[in-house]
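This report concerns only the one structure given below.
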Amino acid sequence: MPIRVQCDNCRRVYNLPDDNAGKRLRCKQCAVAFTVPAPAAAAPPAKPKICVVCNQNVAGLPRTKDNAGNYYCRPCYDEQARKHAMAQSRAGAPVPAGIGAGGGSGSDDGDMIDLAALEPEQFDESTQPPPPPIPDLEAPPIPDMDEPIAAEPIVVEAPRPKKKKKKKKAQAAAASSDSFMSKVQAMPLELWVVGLALILAGVGMLSRSVAPQMSLLLILGGLACFFWGKICLVMAAFAEDTTTGIRYMFFPFYAIFFILSNWSGVQRYVGRVALGIAIMIGGFAISVKHVVNDVLEGRANSRSDRSGPENLSTDPAYVIQVDLGEPPGEEGVLEKQVAAAIQDSFIQRGVKPPPGGKYQVEALVEEGASATDKISIPINGRELNMPAPMLTCKLRVKDAGGNVVCDKEGNIILDKNALLNAPKKKSSDGESFLEKQLWKNVVPQFKTLAADVPATPASGSPAP
């Protein structure tokens with residue numbers, strides 16, 4: 001039988017013949033010497049276990065053994081136990097003399113055994129067959145070594161166990177979400193009311209367009225929360241006694257006494273009443289805030305209206321204010337162009353006020369129609385004559401004392417041929433085209449009027 005031995009250093013396994021027992025060998029892999037142990041002695045053959053009643057071998061079967069070493073199989077033991085019980089149930093019946101170590105023979109009573117002398121015996125592991133021997137993987141010895149060494153066995157690696165999928169993160173996330181949802185559900189209802197009120201108040205403070213709606217919702221919500229707490233307080237008073245409830249409703253001083261004496265039980269209801277009052281105050285505060293802002297803005301607008309157009313001059317010697325009404329194009333662009341044209345004309349010609357003074361320049365445009373010029377509009381094959389659109393540009397210059405230095409005006413009349421060049425796809429496009437044709441000469445017109453302002457006007461005398 002081969003001897004299975006393992007190196008103590010590198011744990012390499014060798015299967016050696018039994019004649020190498022007790023020899024000193026050297027490991028082929030790590031060169032460490034080790035001693036081959038002697039083979040284990042074979043176990044002695046197992047003693048047969050024979051039932052004394054049916055002579056059956058009960059090795060490896062359920063069995064019972066008495067104090068004398070006799071074996072009984074399960075059926076024989078049950079039969080003997082039944083007979084023994086029947087014998088004991090007989091009134092005054094003597095115990096059979098055949099009961100003992102040998103089990104006896106002869107009559108039926110002689111086959112009974114003493115159950116008290118029996119003890120159960122477990123399976124004898126020595127009767128089990130030995131494990132199959134490990135196959136011998138020994139190879140011929142290597143000739144170039146001093147000492148015989150077993151050949152390298154074939155090492156079969158055991159399959160690695162499959163790694164279980166890690167579900168800890170998913171379980172932790174699920175647990176955290178469950179805990180969060182449970183916390184949210186466990187929150188008192190008053191906190192939800194507070195959160196909703198804060199959201200409505202924030203929207204109302206930031207947006208003026210929805211401020212009235214948010215203020216109304218806050219006031220209604222505050223009233224609902226106020227009566228919610230009041231009703232709970234009345235129910236708590238009636239829950240104590242009907243008389244207490246009536247006194248709470250009709251006697252204010254008793255209501256205060258009841259709340260103070262039962263504070264631990266009704267403090268939540270009092271908090272609801274206070275919360276409703278606070279929400280209503282917040283709704284009224286939003287309304288008052290926006291009303292005050294509207295009043296202040298109205299005053300500011302009235303002041304700006306009284307102050308007139310803004311100063312568009314970049315030179316401190318001039319205050320140029322331009323009022324063109326509603327010209328086409330982007331708002332404020334044409335006004336700046338007119339102011340720049342007037343200022344450039346003054347600077348080029350040297351038109352400046354006396355030292356320490358300023359020129360107040362006003363540029364106005366009025367829309368109207370020409371009394372002399374006409375334009376023809378074709379309608380259904382016929383021409384309709386109508387007054388031509390006209391713009392009147394006015395330029396007035398005053399000194400620091402309010403004296404008029406120059407007051408000029410000029411007219412811009414729409415050319416009758418401009419209507420022929422207007423697009424005919426849409427009426428709105430045609431109107432826009434004509435309007436642009438009329439307003440495109442505004443800047444040159446004001447530049448021409450500014451050229452008429454005298455460079456050195458007489459002090460205190462109006463311009464011709």
Burial order of peptide ranges 339-347, 244-252, 57-65 (average beta-carbon count within 10 Å, highest first): 339-347, 57-65, 244-252
At a 10 angstrom cut-off on C-beta neighbours, averaged per residue, how do the peptides 441-448, 208-215 rank from highest to lowest? 441-448, 208-215
Of the listed pairs LYS358/LYS394; LYS374/LYS440; LYS352/LYS408; LYS336/LYS416; LYS336/LYS358; LYS416/LYS436, which have alpha-carbon separations greater than 22 Å here? LYS336/LYS416
Net charge of Cβ neighbours under 15 Å - reference PRO355; Lys, Arg +1; Asp, Glu -1: 0
Taking every other residue with Cβ under 9 Å from the Cβ of ILE375 and scoring Lys and Arg +1, Asp and Glu -1, one gets 0
Express the carbon and sulfur contribution to the solvent-accessible surface of the stretch 312-357 as a percent, rounded to the nearest whole number, probe 1.4 angstrom. 49
With CYS225 itself left out, Lys, Arg at +1 and Asp, Glu at -1 over residues whose Cβ is under 15 Å from its Cβ give +2
Determine the share of the stretch 191-259's accessible area contributed by carbon and sulfur atoms, expressed in whole percent, with a 1.4 angstrom probe. 81
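The values are calculated or read from the model by the stated rules, or taken from the named source; none is laboratory data. All values derive from a computational prediction rather than experimental measurement. Every residue, glycine as well, gets a Cβ built from its backbone with ideal geometry; the counts of neighbours run over all protein chains shown. SASA here: full protein model, heavy atoms, side chains in, ligands and nucleic acids out. Shrake-Rupley method; radii C 1.70, N 1.55, O 1.52, S 1.80 Å.
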